[in-house]
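Here the structure is laid out as structure tokens; the discussion comes afterwards.
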Amino acid sequence: MANIYSALITGASQGIGLEFVTQFLSNPSVNVQIIIATCRNPENATALQEVKKTSPKVHILKLDVTQFDTYEKVVGEVENIVGEKGLTLLINNAGYMPGIEALDGVTPDALITTITINSVAPVILTKAFRPLLKRSAQVNATKGDGLSMQRAAVFNISSFLGSIALNDKAMRWCYRESKAALNMSTQSLAIELEKDGILVESFHPGHVRTKMGGAHGAIDATTSVNGLIATFLKLKEKNKKGFYTWEGNVMPF
Ligand code: NDP
């Protein structure tokens, strides 16, 4: 079992984010000591509040990822929880997808909103948490094989729709653009944060039956997150490729 000191998940009120919180409490391959579940409306996040009742490991913090001026306060709250050992894992999971649009349906507002949530927020949040992630990388410098989730990592939940190489249908303009931008950020963050000992990767979670994925998704959130955690644990400095599926296959950018 891999020991992870602390993990923070954005968009943990439902879907894949909530499932990360659940499995960080129950998955036999990981022991996460501190789980920080962030969501924009904790008072309405009833499923998350129920999970919190089952374990003192779970902390819920309010974070709307578009409210950049609240990041400093949230980082302070996280620092108070994790202390000198820092933040081991940041999962940028919160996401938004407007409807299916062809070019005629694309509006500046929809593009800006989608890109703000899916691409700008993960970068600015990673920047805000960099000192705490770096602290974890230093404390756990001897753990694992170079860069790893046990040491310090930023995992971005992207989508195969963000792959430029695999785009043969267009449609979903805003979402595709936002996730392609996120993938570029993953690559740049991976290069810049390597010297701090922080691993950065993007993931496609599968077509998952959530509010966003709809009822006809191929897999449920349990299967997706189970696969993602198994994939996370396999990733090391020597095999980092940037973009993976929930099953651990390399995706083309
Ligand atoms: P859901 O719609 O079930 O959940 C999305 C989550 O993001 C919710 O918790 C939502 O919060 C949160 N969120 C949205 N906007 C904000 C914001 N401004 N600040 C903070 N949180 C916000 O979707 P999934 O669980 O399916 O999606 C999770 C991730 O997986 C996303 O990044 C998505 O793009 C990606 N993904 C999903 C796929 C799928 O098939 N489901 C396929 C490929 C990628 P609230 O409850 O308050 O609305």
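Just so it is clear, none of the values below were taken in a lab; they were calculated from the coordinates. If you're wondering where the values come from, they're calculated on a predicted model, not measured in any experiment. Here Cβ is always computed from backbone atoms with ideal geometry, including for glycine, and neighbour counts include all displayed protein chains.
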Compute the length gained on full extension between Met171 and Ile100: take 0.36 nm times their separation in residues and subtract their Cα-Cα distance, giving the result in nm to one decimal. 24.9 nm
Treat the count of other C-beta atoms within 10 Å as a stand-in for reagent exposure and order Phe243, Phe160 from fewest to most. Phe160, Phe243
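May I have the convex hull volume per residue, in Å³, for the Cα set of region 1-108? List each step's numbers first, then the result.
Values: hull volume 14.0 nm³, N = 108.
Residue-normalised Cα hull volume stands at 130 Å³.
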What lysines sit close enough to Lys236 to cross-link, taking a C-alpha to C-alpha distance under 29 Å and skipping anything fewer than 8 places away on the same chain? Lys57, Lys85, Lys127, Lys134, Lys143, Lys179, Lys195
Taking amide H positions as placed in the peptide plane 1.01 Å from N, state which residues far from Ile34 in sequence (5 or more) or on other chains have amide H under 5 Å from it. Ser6, Ala7
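Need one number: % antiparallel among DSSP beta bridges in the chain, to the nearest 5.
Details: 2 of 30 bridges.
Approximately 5 percent, going by the DSSP bridge assignments.
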Between helix 173-193 and the chain, what is the angle of the helix's C-alpha long axis to the longest principal axis, kept within 0 to 90° and rounded to the nearest 10? 30 degrees
Counting only residues 5 or more places away or on other chains, whose amide H sits under 5 Å from the amide H of Val200 once H atoms are built in the peptide plane? Val154
Answer rounded, prolate or oblate for region 122-170, using the Cα gyration tensor with square roots of eigenvalues a ≥ b ≥ c: rounded when a/c is under 1.5, else prolate when a/b is larger than b/c, else oblate. oblate
Using θ = phi - 60° and the Karplus form 6.51 cos²θ - 1.76 cosθ + 1.60, what ³J(HN,Hα) does each residue of region 69-80 get, whole Hz, x for Gly and Pro? 6, 9, 4, 4, 5, 5, 4, x, 5, 5, 4, 5
Run the helix sum for the chain: -39,500 (n - 2.57) per DSSP H stretch of 4+ residues, divided by residue count, reported at 222 nm to the nearest 500 deg cm²/dmol. -12000 deg cm²/dmol
Run the Debye formula on the Cα coordinates of region 66-155, all scatterers equal and no solvent, and tell me log10 I(q)/I(0) at q = 0.15, 0.19, 0.23 1/Å. -0.65, -0.87, -1.09
Each label point is 7 Å from the Cα along the Cα-to-Cβ direction; what then is the distance between the points at Lys236 and Asp69, in nm? 4.7 nm
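Could you list Trp173, Trp246 in order of exposure, starting from the residue whose Cβ has the fewest other Cβ atoms within 10 Å? Walk me through the numbers before you get to the answer.
Values: Trp173 19, Trp246 22.
Placing the least packed residue first, the sequence is Trp173, Trp246.
If you take the square roots of the eigenvalues of the alpha-carbon gyration tensor of region 150-248 and sort them as a ≥ b ≥ c, do you get rounded (a/c under 1.5), prolate (a/b over b/c) or oblate?
On the way: a/c = 2.42, a/b = 1.34, b/c = 1.81.
Taking the square roots of the gyration eigenvalues as a ≥ b ≥ c, region 150-248 is oblate.
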Output ³J(HN,Hα) for region 25-42: one whole-Hz value per residue in order, computed from phi by the Karplus curve 6.51 cos²θ - 1.76 cosθ + 1.60 with θ = phi - 60°, and x for Gly and Pro. 8, 10, 5, x, 8, 9, 10, 9, 6, 10, 10, 9, 9, 10, 7, 7, 9, x
Compute the long axis of helix 221-234 from its Cα atoms, compare it with the longest principal axis of the Cα atoms of the chain, and write down the angle in degrees, 0 to 90, nearest 10. 60 degrees
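Taking N as the number of residues in the chain, what is its alpha-carbon radius of gyration divided by 2.2 N^0.38 Å? Intermediate values should be presented prior to the final figure.
Working: Rg = 16.9 Å, N = 253, 2.2 N^0.38 = 18.0 Å.
Working it through for the chain, the quotient is 0.94.
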